[in-house]
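S.K.: One structure, as structure tokens, below. Some questions next.
Each value in this text was obtained by applying a stated rule to the coordinates, not by laboratory testing. As the structure is a prediction and not an experimental result, all values here were calculated from the model. Cβ sites come from the backbone with ideal geometry, for glycine too, and all protein chains shown count toward neighbours.
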């Protein structure tokens, strides 16, 4: 991949993220290294579907969705799965496999896609956990921890495995605004290291919109994703 090539690109791609099998109008969007995009997608289902689409899990009706210059629809499944390992995602609904411990859940994706040693992954996961106010990666199983405690490692998990792109599904909806500052620090670290971040919001996110200074603000208006304003990264 050349240095000038974007991390993510949507090229005339209508996405099937609307209720009733409707699609958006064709979307043209480029996300470069170091950028943070704040996108208001109105509701959680649209946000989750949009995140699926940019990760190649929900094909566009037409056009192309490219990650690191490669079209998801033109890749063999093993190659797409490997490339998908470079995308970190903080889901709205925390996903924990009950038969794995919390550390094993966090290490599952990078262990599957890379040859990283468990000790290295533990060190890597400790940094975002500590920034979010935890002493480190919680031990034990998800059933042993309070929901509020679990939300922090669920967010930290998105930064493990050296992702090029991280996607948030409105993390402050449940984490609260008290953690906005450390979340922004995590975003800054990712961007400084050459990654990019898509921060998806919905509902009443005015406080988040006021605090976050993105490279680009977008919102879903009808079936169009339109820019709101351009600001300095």
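S.K.: How much mean residue ellipticity at 222 nm does the chain get from its helices, if each DSSP H run of length 4 or more adds -39500 (n - 2.57) and you divide by all residues, to the nearest 500 deg cm²/dmol? Walk me through the numbers on the way to the answer.
M.R.: On the way: 8 runs with 78 residues, N = 233.
For the chain, the value works out to -9500 deg cm²/dmol.
S.K.: Also, quick follow-up: How do 168-175, 96-103 rank on mean C-beta neighbours within 10 Å, highest first? Could you put the intermediate results ahead of the total?
M.R.: On the way: 168-175: 20.1, 96-103: 14.6.
My ranking of the peptides, most packed first, is 168-175, 96-103.
S.K.: Relative contact order for the stretch 17-169 using alpha-carbon pairs under 8 Å, separation at least 6, rounded to a whole percent? The partial results should precede the final answer.
M.R.: Values: 169 pairs, mean separation 39.8, N = 153.
Reported relative contact order: 26 percent.
S.K.: Given a Förster radius of 35 Å and the C-beta distance between residue 173 and residue 74 as r, what FRET efficiency does 1/(1 + (r/R0)^6) yield to the nearest 0.05? Don't skip to the answer; put the middle values down first.
M.R.: On the way: r = 35 Å, r/R0 = 1.00.
The pair residue 173/residue 74 has a calculated efficiency of 0.50.
S.K.: Quick one: helix 118-131 against the long Cα principal axis of the chain, what's the angle to the nearest 10°, folded into 0 to 90?
M.R.: 80
S.K.: A further question on this structure: What is the diffusion coefficient of the chain in µm²/s, taking the Kirkwood radius over Cα pairs and the Stokes-Einstein relation at 4 °C with a viscosity of 1.567 mPa s? Before the final figure, lay out the partial values.
M.R.: Details: Rh = 18.1 Å.
Calculated translational D: 72 µm²/s.
S.K.: In what sequence, highest mean first, do 55-63, 140-148 appear when ranked by Cβ atoms within 10 angstrom?
M.R.: Ranked by mean Cβ neighbours within 10 Å, highest first: 55-63, 140-148.
S.K.: Give the calculated FRET efficiency between residue 28 and residue 192 to the nearest 0.05, with a Förster radius of 45 Å applied to their Cβ-Cβ distance. Display every interim value, and only then the final one.
M.R.: Numbers: r = 27 Å, r/R0 = 0.60.
That pair, residue 28 with residue 192, gives E of 0.95.
S.K.: Using a 10 Å cut-off on Cβ atoms, rank the peptides 72-79, 28-35 from the highest mean neighbour count down.
M.R.: Numbers: 72-79: 12.0, 28-35: 16.8.
With the highest mean Cβ count within 10 Å placed first, the list reads 28-35, 72-79.
S.K.: On a C-alpha basis, how far is the centre of the stretch 9-35 from the centre of the stretch 46-83 in Å? Whole number, if you could?
M.R.: 11
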